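Novice: My questions will all concern the structure given below.
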Amino acid sequence: MKVDVLAIGVHPDDIELGCAGTILKHIDLGYTVAGIDLTQGELGTRGSGAIRLVESQNAAKILGLVSRENLGMADGFFQHTKENILKISAMVRKYQPDIVLANAISDRHPDHGRASKLISDACFYSGLQRIEQVDENGDKLKKWRPKVVYHYIQDRNLKADFVVDITPFIEKKIESILAYKTQFYDPDATGPKTPISGEDFMKFNRSKNRCYGRDINADYAEGFTVERNIGVNNLFDLI
């Protein structure tokens, strides 16, 4: 199942918070997008891993993902190991994306930066001929290396290398985030308060998109950082 874009997040809800607007925009343009979550987010104060799996599938339907899988790594304790590199590499080979969207390179949550490195390295190793892998049916997976890896920006306000105008998709993005009913603002919810469960956090997330949009004279945008220089054919593509 080849897709154009593979969005990867260490926790269910990472891709919604970081790049849902960009995903929605590219699906609207006719591209195909799949999603991968490395963990179930089972260490979260609210909800559970099992509940977040269900919520992630609900969010995937809102976004229009062609597929969403969970790799079952240990939330908070996954490491940069051969086993975990190969788990991600197998997904890259399975979906053959041209673009991979990955966690922020540095962030408040230590899992994000660690996942960023793990995903990026897996995208490199997935292109090595001598690493042999098979799919769930035992069929050989062909080597594949994405053309680029872009890192979405999460809680910390990093300087973006480029931003994507998501103005027409901001409300759908918010809807996809709120699919995680146990995690984000719900006036009828019970349970402990967390840094992301209040109404103020949703306002913060929307405001972050406003700030990135300001630089390009858009109402809302999402920011990304790059690992290497971006090549363009025409200077007017950058306006």
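The values are calculated or read from the model by the stated rules, or taken from the named source; none is laboratory data. Remember, it's a predicted structure, so these values are computed and weren't measured experimentally. Ideal geometry is used to build each Cβ from the backbone, glycine not excepted, and the neighbour counts take in all protein chains shown. These area figures cover heavy atoms from the full protein model, side chains too; ligands, DNA and RNA do not enter into them. Shrake-Rupley method; radii C 1.70, N 1.55, O 1.52, S 1.80 Å.
Novice: Would you say Gly138 is more than 14 Å from the chain's Cα centre (by Cα), among the small types (Gly, Ala, Ser) and open to solvent by 10 Å² or more (accessible area, probe 1.4 Å)?
Specialist: yes
Novice: Looking at Lys61, Lys25, which is the one that is free of Cβ contacts under 8 Å to residues at least 12 places away in the same chain and either part of a helix (DSSP H, G or I) or crowded, with 19+ Cβ neighbours inside 10 Å (or both)?
Specialist: Numbers: Lys25 fails: free of Cβ contacts under 8 Å to residues at least 12 places away in the same chain.
After applying the criteria, what remains is Lys61.
Novice: Among residues belonging to the stretch 210-226 that are within 12 Å of Ala160 (Cα to Cα), of a type outside the set (Ser, Thr, Tyr) and open to solvent by less than 50 Å² (accessible area, probe 1.4 Å), point out the one that is farthest from the chain's Cα centre (by Cα).
Specialist: Gly213
Novice: Which residues, counting only those in the stretch 179-209, are surrounded by fewer than 18 Cβ atoms within 10 Å (Cβ to Cβ), closer than 25 Å to Ser116 by Cα and touching a Phe, Trp or Tyr at 6+ places or on another chain (Cβ under 6 Å)?
Specialist: Scanning the stretch 179-209 gives a single hit, Met202.
Novice: So, one more: Residue pairs, Cβ under 7 Å, 6 or more apart or interchain, first in the stretch 95-122 and touching a residue at least 24 places away in the same chain (Cβ under 8 Å), second part of a helix (DSSP H, G or I) and among the charged types (D, E, K, R). List them.
Specialist: Sorted first by the residue in the stretch 95-122, then by its partner, the pairs are Asn103/Asp14.
Novice: Mind checking which residues of the stretch 34-62 are charged (D, E, K, R) and in contact with an Asp or Glu (Cβ under 6 Å, 6 or more places away or on another chain)?
Specialist: Within the stretch 34-62, just Glu42 meets the criteria.
Novice: For residues that are open to solvent by less than 30 Å² (accessible area, probe 1.4 Å) and of a type in the set (A, V, I, L, M, F, W, C), tally how many sit in the stretch 28-55.
Specialist: Matching residues across the stretch 28-55 total 4.
Novice: So which residues in the stretch 1-22 are of a type in the set (D, E, K, R), assigned to a helix (DSSP H, G or I) and farther than 21 Å from Gln79 by Cα? First the steps, then the outcome.
Specialist: We begin by selecting, within the stretch 1-22, every residue of a type in the set (D, E, K, R); these are 2, 4, 13-14, 16.
Subset that is assigned to a helix (DSSP H, G or I): 14, 16.
Listed by number, the list holds a single entry, Glu16.
Novice: Taking Pro110 and the conditions (1) under 15 Å from Gly9 (Cβ atoms); (2) surrounded by 14 or more Cβ atoms within 10 Å (Cβ to Cβ), which numbered condition does it fall short on, given that it satisfies the others?
Specialist: With (1) under 15 Å from Gly9 (Cβ atoms); (2) surrounded by 14 or more Cβ atoms within 10 Å (Cβ to Cβ) applied to Pro110, the lone miss is (2).
Novice: Also, I was wondering about something else. Please count how many residues of the stretch 219-233 are within 18 Å of Ser207 (Cβ to Cβ), assigned to a loop (DSSP other than H, G, I, E, B) and among the acidic types (Asp, Glu).
Specialist: Adding up the residues that qualify gives 1.
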